[in-house]
Amino acid sequence: MTCQYIGPQTKVCALFGHPVKHSFSPPMHNAAFKHLGLNFIYAAFDIAPENLEAAMDAVRILNLAGVNLTIPHKENVVKYLDSLHRSAELSGAVNTVTNNKGMLTGYNTDGPGFIRSLWQDCSMDTTGKVAMLVGAGGAARAVGMELALSGVSELGIFNRRAQRAISLAKSIEQSTGVKTTVLPWPKEKHPAEEKELSRFFKHANLVVNCTPMGMKDSSSHLPPLPYHLATPGQVAYDLVYNPRQTRFMEKFKQTDSIAVNGMGMLLYQGALAFELWTGEKAPVDVMSKALHKCLE
Ligand code: NAP
């Protein structure tokens, strides 16, 4: 336990979300602080949306070292900050805040964490690759922007609500210049739409599930993709990590594609936040072990 370090000099980091009780971030960060002997502690606070402004004031008043934001605060927190790093500006969302003598700066480490995981877990260099995003919410925005910045040649966005996909495609193209195509979500048999979806799916090097479909409580849910067209060597990345083996991953594994869950993204977004707060290199092995223990 980190308790042995707690004293007047202890620096406090926190997670603000609603709810937070199932979060893996406290054990992950506390394991890392303990491993490096840093006098830091990380706690989780359930902050209702109407209390977010007061909570951000408290960050300054209590001189917290740093904060993570999770659902539903990632976008709303922007107005309570003093400045934004480019990662947050582009994604329109903040998952990490640093506090420099009361000056709060927002970052988004989700996108960079995803790219680092792609490299570490799938040995994938995204330069010149074609990527397809399933979903167009906050996580899809962070991942899509970062993929575009990391050199993909084309992006496809496949989302249940077309308007959201169109809006995300527009902002990625405007911010990065990367060609972005909105793919039709099959509502009923429509051969032309199915053909368009199949054509893109087949030539995508990377398919990323950025929806909660397949999460523990809805593990039978599956995005409606033409999985039989998956190709060996194609990388399927599921942002969901609980269960560890999702149905989305299983579908791709049937055709020898490389399929991974979102544990790596969770790990590396946390490692990047840790480095921003402490200035120390994050002990990723220790953090990874703590995360896996949470899943057992
Ligand atoms: P969000 O902003 O609420 O977006 C949810 C997206 O999923 C939307 O595109 C939504 O489509 C789609 N969706 C939700 N339920 C659906 C259903 N039943 N059928 C079809 N589409 C559905 O959420 P988010 O923040 O982007 O998070 C998305 C997922 O990524 C969550 O499971 C989250 O836990 C995970 N995540 C993981 C990490 C990690 O580190 N591994 C990091 C961030 C997020 P509509 O637009 O049509 O509603």
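The values are calculated or read from the model by the stated rules, or taken from the named source; none is laboratory data. On a predicted model such as this, the values are computed, not experimentally measured, just so you know. Virtual Cβ from ideal backbone geometry, glycine too; neighbours counted across all protein chains shown. The accessibility values were calculated without ligands, DNA or RNA, using every heavy atom of the protein model including side chains. Shrake-Rupley method; radii C 1.70, N 1.55, O 1.52, S 1.80 Å.
Looking across the range 105-127 at every residue that is among the charged types (D, E, K, R) and either open to solvent by less than 30 Å² (accessible area, probe 1.4 Å) or assigned to a loop (DSSP other than H, G, I, E, B) (or both), the one that is farthest from the ligand (Cβ to nearest atom) is identified as Asp125. So for the range 211-218 (the condition being free of Cβ contacts under 8 Å to residues at least 12 places away in the same chain, assigned to a helix (DSSP H, G or I) and within 12 Å of the ligand (Cβ to nearest atom)), does at least one residue qualify? Among the residues of the range 211-218, at least one is free of Cβ contacts under 8 Å to residues at least 12 places away in the same chain, assigned to a helix (DSSP H, G or I) and within 12 Å of the ligand (Cβ to nearest atom), which makes the answer yes. When you scan the range 7-91 for helices (runs of 4 or more DSSP H) that lie fully inside it, which ones turn up with 3 or more residues that are within 19 Å of Pro283 (Cβ to Cβ) and open to solvent by 30 Å² or more (accessible area, probe 1.4 Å)? Hits in the range 7-91: 25-36. Limited to the range 144-180, what total is found for residues that are in a helix (DSSP H, G or I) and of a type in the set (Val, Ile, Thr)? Number of matching residues: 3.
Could you run through the range 128-157 and say how many residues are farther than 16 Å from Pro112 by Cβ, small (Gly, Ala, Ser) and either within 13 Å of the ligand (Cβ to nearest atom) or touching a residue at least 60 places away in the same chain (Cβ under 8 Å) (or both)?
Of the residues in that region, 3 qualify.
Within the range 254-277, residues that are open to solvent by 30 Å² or more (accessible area, probe 1.4 Å) sit with their Cβ atoms under 6 Å from residues that are small (Gly, Ala, Ser) and more than 8 Å from the ligand (Cβ to nearest atom), at 6+ positions apart or across chains, in these pairs: Thr255/Ala230; Glu275/Ala282.
Looking only at the range 162-212, which residues are among the charged types (D, E, K, R), open to solvent by 80 Å² or more (accessible area, probe 1.4 Å) and at pLDDT below 95? Within the range 162-212, Lys187, Glu188, Lys189, Lys195 qualify.
In the range 94-104, is there at least one residue being within 19 Å of Gly144 (Cβ to Cβ) and open to solvent by 10 Å² or more (accessible area, probe 1.4 Å)? No, the range 94-104 has no match at all. Residues that are in contact with a helix residue (DSSP H, G or I) (Cβ under 9 Å, 6 or more places away or on another chain), open to solvent by less than 50 Å² (accessible area, probe 1.4 Å) and in a helix (DSSP H, G or I) are absent from the range 230-246.
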